[in-house]
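The values are calculated or read from the model by the stated rules, or taken from the named source; none is laboratory data. Owing to the predicted nature of the structure, the values given are computational and were not obtained by experimental measurement. Positions of Cβ are generated from backbone atoms using ideal geometry, with glycine treated the same way; all protein chains shown enter the neighbour counts.
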């Protein structure tokens with residue numbers, strides 16, 4: 001396997017209890033077995049379930065790199081929670097960043113008690129599209145059971161050069 005860029009900067013983000021740290025360890029171990037240099041740096045918000053968690057993986061064929069990815073230098077963001085995707089892509093994203101985003105929200109306590117409002121599914125999609133690669137938003141289905149059937153997503157295909165529509169808008173097509 002070759003890297004499109006060396007180092008490849010991968011961020012896995014989510015909230016406590018989603019398996020973020022485990023995912024970074026599994027990916028790191030698999031890459032080390034393939035003779036890559038992998039450095040993992042982790043940052044934690046609240047040290048309990050529901051707090052922000054982010055793992056930085058710096059992957060290289062050449063050498064070891066510092067554990068934290070510089071701002072604006074992420075190549076791939078894997079978000080286990082949609083609002084965490086917004087936070088991380090806003091800080092570490094760039095026009096070429098690609099993201100894989102779990103569409104199921106985990107509402108913070110402030111939202112569940114009515115002190116804050118969780119952004120709509122559509123607003124999250126639009127914001128992510130504006131922050132990174134337009135083909136980045138990759139939900140498998142709508143997280144909102146009250147969404148009309150036409151907005152539910154049953155499958156997703158990887159974006160390709162020249163893609164003119166996206167899965168959440170209908171069937172992908174080429175120019």
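Results for (1) without any contact (Cβ under 8 Å) to a residue 40 or more places away in the chain; (2) in contact with a helix residue (DSSP H, G or I) (Cβ under 7 Å, 6 or more places away or on another chain), shown as yes or no for each residue.
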residue	(1), (2)
13	no, yes
19	no, no
24	yes, no
38	yes, yes
71	yes, yes
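Here is a check on your reading of the model: is residue 34 surrounded by fewer than 23 Cβ atoms within 10 Å (Cβ to Cβ), over 17 Å from the mean Cα position of the chain (by Cα) and at pLDDT 90 or above? I'd like the intermediate steps shown before the answer.
Details: surrounded by fewer than 23 Cβ atoms within 10 Å (Cβ to Cβ): yes; over 17 Å from the mean Cα position of the chain (by Cα): yes; at pLDDT 90 or above: yes.
So residue 34 fits the description; yes.
Across segment 97-130, what is the total count of residues that are assigned to a helix (DSSP H, G or I) and surrounded by 14 or more Cβ atoms within 10 Å (Cβ to Cβ)? If you could, list the steps in order and put the result at the bottom.
In the first step, residues of segment 97-130 are kept if they are assigned to a helix (DSSP H, G or I); the result is 109-112, 121-130.
Checking the rest, the ones that are also surrounded by 14 or more Cβ atoms within 10 Å (Cβ to Cβ) come to 111, 121, 124-125, 127-129.
Final tally of qualifying residues: 7.
Among the residues of segment 87-94, is there at least one that is in contact (Cβ under 8 Å) with a residue 40 or more places away in the chain and touching a helix residue (DSSP H, G or I) at 6+ places or on another chain (Cβ under 7 Å)? Give the derivation first.
Initial filter on segment 87-94 (in contact (Cβ under 8 Å) with a residue 40 or more places away in the chain): 87-90, 92.
Filter once more, keeping what is touching a helix residue (DSSP H, G or I) at 6+ places or on another chain (Cβ under 7 Å): 89-90.
Within segment 87-94, one or more residues are in contact (Cβ under 8 Å) with a residue 40 or more places away in the chain and touching a helix residue (DSSP H, G or I) at 6+ places or on another chain (Cβ under 7 Å).
One line per residue, one yes/no per condition, for (1) modelled with pLDDT of 95 or more; (2) assigned to a loop (DSSP other than H, G, I, E, B); (3) farther than 25 Å from residue 127 by Cβ:
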| position | (1), (2), (3) |
| --- | --- |
| 3 | no, yes, yes |
| 12 | yes, no, no |
| 17 | no, yes, no |
| 41 | no, no, yes |
| 48 | no, yes, yes |
| 83 | no, no, no |
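Which one of the conditions (1) more than 25 Å from residue 1 (Cα to Cα); (2) exposed (fewer than 12 other Cβ atoms within 10 Å of the Cβ) does residue 91 fail to meet, given that it meets all the rest?
Status for residue 91: all satisfied but (2).
I'd like the full set of residues that are over 16 Å from residue 7 (Cα atoms) and in contact with a strand residue (DSSP E or B) (Cβ under 7 Å, 6 or more places away or on another chain), limited to segment 26-46.
Within segment 26-46, 42, 43, 44, 45 qualify.
Could we say that residue 59 is at pLDDT 95 or above and either part of a helix (DSSP H, G or I) or surrounded by 15 or more Cβ atoms within 10 Å (Cβ to Cβ) (or both) here? It would help to see each step written out before you state the result.
Values: at pLDDT 95 or above: yes; either part of a helix (DSSP H, G or I) or surrounded by 15 or more Cβ atoms within 10 Å (Cβ to Cβ) (or both): yes.
Judged against the criteria, residue 59 is a match.
Let's see how each residue does on (1) touching a strand residue (DSSP E or B) at 6+ places or on another chain (Cβ under 6 Å); (2) at positive phi; (3) modelled with pLDDT under 80:
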{"position": "126", "(1), (2), (3)": "no, no, no"}
{"position": "136", "(1), (2), (3)": "yes, no, yes"}
{"position": "145", "(1), (2), (3)": "no, no, yes"}
{"position": "149", "(1), (2), (3)": "no, no, yes"}
